[in-house]
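The values are calculated or read from the model by the stated rules, or taken from the named source; none is laboratory data. Since the model is a prediction, treat every value here as computed from it, not as a measurement. Here Cβ is always computed from backbone atoms with ideal geometry, including for glycine, and neighbour counts include all displayed protein chains. Accessible surface is based on the protein model in full, side chains and every heavy atom, while ligands, DNA and RNA are left aside. Shrake-Rupley method; radii C 1.70, N 1.55, O 1.52, S 1.80 Å.
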Amino acid sequence: LRNMGAPSIACMLPIADAGQLTESFAGEELLAQCRIPVFLGVNVWGRTYDPARVARKVKEAGFAGAVNFPSCMHYSRPLQQILSHAGRGIEQEVAQLRAVQDQGLAGIFYCATRTQARLAADAGIQMICLNLGWNVGGVLGHQARTSIEEVAAVARDISRLVKRISPETRFLLEGGPIATPEDLGRVLSLARIDGYVGGSTIERIPLEVSIADQIDGFRQSSQRKAALDQESARLLSWARGHGFCGRSPALLTFLGRLRDMAAGKLPVLLVAEQGVDTEPTLRALASGQGGPATMVRYDIGKENVPARSRGFLFGHRDSLERRPPALADASVGLLALEAPESLSPALQQRLAAALKSGSFRAPGTKRSLPLGPRVILLSLVAAGQTRAGEDRGPEDLASENRAASGLDPALAAVMAGWVLRVPPVRERTEDLMDLIAQAAEQNLGRVLDRTAFSAGAASLLHSHLWPGNDQELTSLVGRLCGLQGGNPLQPEDIRPFLKTEPAAGAADRSEKDWILAALWRHGFNRSKTADALGISRKTLYNKILKYNLSG
């Protein structure tokens, strides 16, 4: 009706069958074209009242669920009582949504009072939306009758009631004086809610403003970052000192393991994809030695003559008096050996023996030399050849390490249990904007934050696989320099600069693999996983059942 130019309240006037009109509109204009879930507004004012029949009809039409709208909650209390006595009141609306949920769909219950919210919570309705009245603002909008602070106080009270009765129920807000993302941000500072229903607020946006950007503004206001516990906060503070940024679950898991290993003395095998910035990890490992903080990086893969690598690592009787071999140099705190798989099997076995015993003999001598620096083996693999949870157990570490880095079995066995896998960018999409901002500040001397990108551009960046990892991201920041011109960057500004080739092995990954990997990254939290994958929670649930991932 609003698309026809009528105000919202027209759905409650005797000018048309709002239910039939909505079903027809949704079938022709929405369901055939939308990938996202669509909810149907239903009422209980028909000539007959058969909630089971309506629920089946909603499911057969392809809707994700239903909302009790139009609702008798907008009528005065005496008229609400009359409707209830006539079997067309708020109780029947709750029963209708319960029948929809019994069909395996989702239900959103609009309410206006604490009593109505309690009724829905007792019935186990999945989402309860506190409707604050018809939306304010716009040509056909209403005047605000309550302040943001009053709204927040009511929302806080009813939210606590709902969560106490039904902890799994999501509590939403809609309507009233909330007309901008800033209004929603003020409410969020005072009351805890799980979401916001835009309603006609979204349709009254000036035409020159992108609807996607406006919705994105509301989404950013409502997606507050989860509060960090004290341990995570200390971990991130420690990591920032070494050059890390972000706070994604994948990064926190990695940092916890890194901090523990940094305090040790044993050698570490560092596995990272091509393009991943390993310098912060090496700095962190070097800082924990307590001795000299000097770090030496040596790329074995760039040596054309194998004897040079042997001489660098183990020395030779003719050079011992001039300089110590790298493995025995006490002035070096950390020795990072890149591409250890490039060593011959004999040299890998010799290195393994030295790392295991803590000493070695220089070629051509009988003199035993103690290991000086802590040794880090840095193996770079193609994008897509590492996977989360690589260090699962000692029994399968050797085979996994050989597959990932080509190490000799003897060397892989020494490194068992001391493997660090740096998470690639595609597993840290929650940190993407922080990584872009850091790259811009370090290389451009200015901030390039979330506000520099339109909603479509940000969505494109988050869906990209980033086969070039940090290197590709830094390259992108350089190419975007000067393109912004005071306006948010659009998808067409960014798309030409993104690598189009998929990560190696990515094409072979099935939908089940992607879903399982996303579940692992988000601690099997279904809401966060669904958000990261860009699908609804219901769709994710169905995929979990389809691929038998519930165990």
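So here's what we get for this one:
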{"quantity": "Of all residues making up the range 191-237, the number that are modelled with pLDDT of 80 or more, open to solvent by 40 Å² or more (accessible area, probe 1.4 Å) and closer than 22 Å to Met127 by Cβ", "calculated": "3"}
{"quantity": "Some residue of the range 1-8 being free of Cβ contacts under 8 Å to residues at least 60 places away in the same chain, of a type outside the set (Phe, Trp, Tyr), open to solvent by 30 Å² or more (accessible area, probe 1.4 Å) and assigned to a helix (DSSP H, G or I)", "calculated": "no"}
{"quantity": "Out of Glu441, Glu430, sole residue that is under 16 Å from the mean Cα position of the chain (by Cα) and open to solvent by 50 Å² or more (accessible area, probe 1.4 Å)", "calculated": "Glu430"}
{"quantity": "Condition met for Gly19 (on the phi > 0 side of the Ramachandran plot and not polar (S, T, N, Q))", "calculated": "no"}
{"quantity": "Residues satisfying the stated conditions in the range 250-264, i.e. out of contact with any Leu (no Cβ under 8 Å at 6 or more places or on another chain), hydrophobic (A, V, I, L, M, F, W, C) and open to solvent by 10 Å² or more (accessible area, probe 1.4 Å)", "calculated": "Ala250, Ala263"}
{"quantity": "2 or more residues in contact with a Phe, Trp or Tyr (Cβ under 9 Å, 6 or more places away or on another chain) and at pLDDT 85 or above: qualifying strands (runs of 3 or more DSSP E) within the range 249-352", "calculated": "268-273, 334-338"}
{"quantity": "So Asn43, is it of a type in the set (S, T, N, Q) and under 36 Å from the mean Cα position of the chain (by Cα)", "calculated": "no"}
{"quantity": "Cβ pairs under 7 Å, 6+ apart, first in the range 94-119 and within 14 Å of Gly41 (Cα to Cα), second in a helix (DSSP H, G or I) and basic (Lys, Arg)", "calculated": "Leu105/Lys59; Ala106/Lys538"}
{"quantity": "Identity of the residue in the range 111-154, modelled with pLDDT under 90, within 15 Å of Gly195 (Cα to Cα) and in contact with a strand residue (DSSP E or B) (Cβ under 7 Å, 6 or more places away or on another chain), that ends up most open to solvent (accessible area, probe 1.4 Å)", "calculated": "Leu132"}
{"quantity": "Enumeration of residues in the range 23-65 that are in a loop (DSSP other than H, G, I, E, B), open to solvent by less than 70 Å² (accessible area, probe 1.4 Å) and either of a type outside the set (S, T, N, Q) or under 19 Å from Ser536 (Cβ atoms) (or both)", "calculated": "Leu30, Leu31, Cys34, Pro37, Val38, Val44, Gly46, Asp50, Gly62, Phe63, Ala64"}
{"quantity": "Criterion: modelled with pLDDT of 75 or more and open to solvent by 90 Å² or more (accessible area, probe 1.4 Å) - qualifying residue of Tyr541, Tyr547", "calculated": "Tyr541"}
{"quantity": "Test: residue in the range 73-96 that is part of a strand (DSSP E or B) and either at pLDDT 90 or above or in contact with a Ser or Thr (Cβ under 9 Å, 6 or more places away or on another chain) (or both)", "calculated": "no"}
{"quantity": "Counted residues, the range 444-480 - those being open to solvent by less than 30 Å² (accessible area, probe 1.4 Å), over 25 Å from Leu255 (Cβ atoms) and not aliphatic (A, V, I, L, M)", "calculated": "2"}
{"quantity": "Within the range 73-102, considering residues that are open to solvent by 60 Å² or more (accessible area, probe 1.4 Å) and polar (S, T, N, Q), the one farthest from the chain's Cα centre (by Cα)", "calculated": "Gln81"}
{"quantity": "Residues (β-branched (Val, Ile, Thr) and not in a helix (DSSP H, G or I)) located in the range 9-22", "calculated": "Ile15"}
{"quantity": "Number of positions in the range 353-385 that are more than 42 Å from the chain's Cα centre (by Cα), in a loop (DSSP other than H, G, I, E, B), surrounded by fewer than 19 Cβ atoms within 10 Å (Cβ to Cβ) and touching a residue at least 24 places away in the same chain (Cβ under 8 Å)", "calculated": "4"}
{"quantity": "Flag for Pro70 being in contact with a Lys or Arg (Cβ under 7 Å, 6 or more places away or on another chain), open to solvent by less than 70 Å² (accessible area, probe 1.4 Å) and either part of a helix (DSSP H, G or I) or not aromatic (Phe, Trp, Tyr) (or both)", "calculated": "no"}
{"quantity": "Flag if Ala532 is in a helix (DSSP H, G or I), within 26 Å of Gly65 (Cα to Cα), touching a His at 6+ places or on another chain (Cβ under 7 Å) and modelled with pLDDT under 85", "calculated": "yes"}
